[in-house]
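Below is one structure; the comments refer to it alone.
The values are calculated or read from the model by the stated rules, or taken from the named source; none is laboratory data. For clarity, every value in this text was computed on a predicted model and none was experimentally measured. Positions of Cβ are generated from backbone atoms using ideal geometry, with glycine treated the same way; all protein chains shown enter the neighbour counts. For the accessible areas, the whole protein counts, side chains as well, though only heavy atoms, and no ligand, DNA or RNA atoms are used. Shrake-Rupley method; radii C 1.70, N 1.55, O 1.52, S 1.80 Å.
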Amino acid sequence: MSPAPRRRSVLLATAAVTAAATAPAGAATPVRHRASGPLVIGHRGAAGWRPEHTADAYTYAVRAGADWIEPDLVPTKDHVLVVRHENEIGGTTDVAGRPEFADRRTTRTVDGRAVTGWFTEDFTLRELRTLRTVERLPLVRNRNTVFDGRGRVMTFQEVIDLARRLSGESGRRIAVFPETKHPTYFRSIGLPLEEELIRVIRRNRLTARECVVQSFEPSSLHRIAAARLGLPLWQALGTSGSPYGHAVTYKDMMSPAGLREIASYAQWIGPDKSSLVPPHTLLADAHAAGLKVGAYTFRAENQYLPAAHRRGTAPNDFGDAFTEYAFHYGQGVDAVVTDFPDIAVQAREGLRR
């Protein structure tokens, strides 16, 4: 089959979900049942279809059938947890075009790397409220730029409230899946993420069915574990190097001994999907250690797919994402983290049938 029809088929397959997610309140027909099979986690909402970490993105994800939604947590100057992929917000808000904040542009060293831009820790929540969100990858997802300026920076509390409202709408329990971003860095500047996250979790009485906490830094998860919240923890794993501020390497963490150590404080691991492709034995080793496995990050564009699943040569055209899901579902992953939860859900339904 030629590339164009395949790309068109994927887009047509999502048309009904797009209509549901953008319809007026009360007019949408959300997914009301959870299919058997791996959990589908909306990565920053439905980042493939809407600017990430916006109410639109989270709502789209849930109405498409996502089981969990993922907010990345960073603090404001007044220590409120807000959801942004990074604390540098020059690429995800319109702050660069706001003359009143021109003097906030600066360079900071975050996790050992110099970054120049505007940072959430230099803004109060009230100031951040004046900004509007934009698409982070406009050259990749130009279609999403039509929504630039329509959303605002959300607090973690607002994501919890939205998840509960969407749970009622869908008849399914939607969990929030917060990630502590750069926790060592934020502790170093007096804005620790964990104590505020614990406070919000306790205030909302979040249960194990409503919240799973993730981090790349084991020390952050140990702090959460010490609070005895009764929530599952998810150790995210990179493909190389070490978690910032830790001597142990990701390679060592993914060894059988390393997985047994993770199992002493966490219930999940979250490796890059490439780490689960044979000859790697990570999936079987993790299950043997009693850990569940959630792979990240699934996307539909050619540049993010294995070469065998690409269609044509344009990097931003859609490839054969369904085949990649089918492979990982068939291998036995327990969850997928995806920018396109609608496609992941359809692939899961195909597997069930």
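For the stretch 116-121, what does the Karplus curve 6.51 cos²θ - 1.76 cosθ + 1.60, with θ = phi - 60°, yield as ³J(HN,Hα) per residue in whole Hz, taken in order and with x for Gly and Pro?
10, x, 10, 10, 4, 5
So how much slack lies between residue 116 and residue 274, counting 0.36 nm per residue of separation and subtracting their Cα-Cα distance, in nm?
My answer for the length gained is 53.8 nm.
Quick one: if the Förster radius is 25 Å, what FRET efficiency do residue 326 and residue 209 give, using the C-beta to C-beta distance and rounding to 0.05?
E(calc), rounded to 0.05, equals 0.35.
What does the net charge come to around residue 303 if you take all other residues with beta carbon closer than 11 Å to its beta carbon, with K and R at +1 and D and E at -1?
Around residue 303, the charge tally is 0.
What shape does the chain have by the C-alpha gyration tensor, where a ≥ b ≥ c are the square roots of the eigenvalues, rounded means a/c under 1.5, and otherwise prolate means a/b greater than b/c and oblate the rest?
Rounded shape, in that the Cα axes give a/c under 1.5.
What is the chain's relative contact order, in percent, from Cα pairs under 8 angstrom and six or more apart in sequence?
For the chain, the relative contact order is 19 percent.
Cα to Cα, under 13 Å, and not fewer than 8 places away if on the same chain: which aspartates and glutamates meet these conditions relative to residue 292?
Excluding near neighbours in sequence, the set is 334.
Counting DSSP beta bridges in the chain, what percent are antiparallel, to the nearest 5?
Close to 35 percent.
Can you sort 145, 109, 54, 116 by solvent-accessible area, 1.4 Å probe, largest first?
109, 116, 145, 54
For the chain, what is the mean residue ellipticity at 222 nm derived from helices alone (per DSSP H run of n ≥ 4: -39500 (n - 2.57); sum divided by total residues; nearest 500 deg cm²/dmol)?
Result for the chain, helices only: -9000 deg cm²/dmol.
Around residue 70, with a cut-off of 10 angstrom between Cβ atoms, what is the net charge of the other residues, counting Lys and Arg +1 and Asp and Glu -1?
-2
Quick one: length gained pulling residue 251 to residue 303 fully straight, 0.36 nm per residue minus the C-alpha distance?
16.2 nm
For the stretch 42-110, calculate the relative contact order in percent as a whole number, restricting contacts to Cα pairs under 8 Å that are 6 or more residues apart.
Value for the stretch 42-110: 21 percent.
Between the stretch 130-160 and the stretch 59-87, how many Å separate their Cα centres?
Their Cα centres are 11 Å away from one another.
Rounded if a/c is under 1.5, else prolate if a/b is larger than b/c, else oblate: which is the stretch 201-267, with a ≥ b ≥ c the root eigenvalues of its Cα gyration tensor?
Taking the square roots of the gyration eigenvalues as a ≥ b ≥ c, the stretch 201-267 is prolate.
Would you look at the GNM of the chain, springs on alpha carbons closer than 10 Å, and say which of 170, 188, 255 moves the most?
Of 170, 188, 255, the Gaussian network model singles out 188 as fluctuating most.
From a point 7 Å beyond the Cα of residue 288 in the direction of its Cβ, which residues of the stretch 240-265 have a backbone N at a distance under 17 Å?
Only 252-264 pass the distance filter.
For residue 202 paired with residue 188, estimate the spin-label separation in nm (one decimal), with each label point 7 Å from Cα along the Cα-to-Cβ line.
In this crude spin-label approximation the distance works out to 2.8 nm.
Relative contact order for the stretch 245-345 using alpha-carbon pairs under 8 Å, separation at least 6, rounded to a whole percent?
Once normalised by length, the contact order is 23 percent.
Apply the a/c threshold of 1.5 to the C-alpha gyration tensor of the stretch 26-166 and tell me whether it is rounded, prolate or oblate.
Because a/c hits 1.5 or more and a/b exceeds b/c, the stretch 26-166 counts as prolate.
Note down the net charge around residue 187, summing +1 for each Lys or Arg and -1 for each Asp or Glu among other residues with Cβ under 13 Å from its Cβ.
So the environment of residue 187 carries a net charge of -4.
Return the distance in nm (one decimal) between the two label points of a simple spin-label model at residue 78 and residue 267, each offset 7 Å from Cα along Cα→Cβ.
3.5 nm
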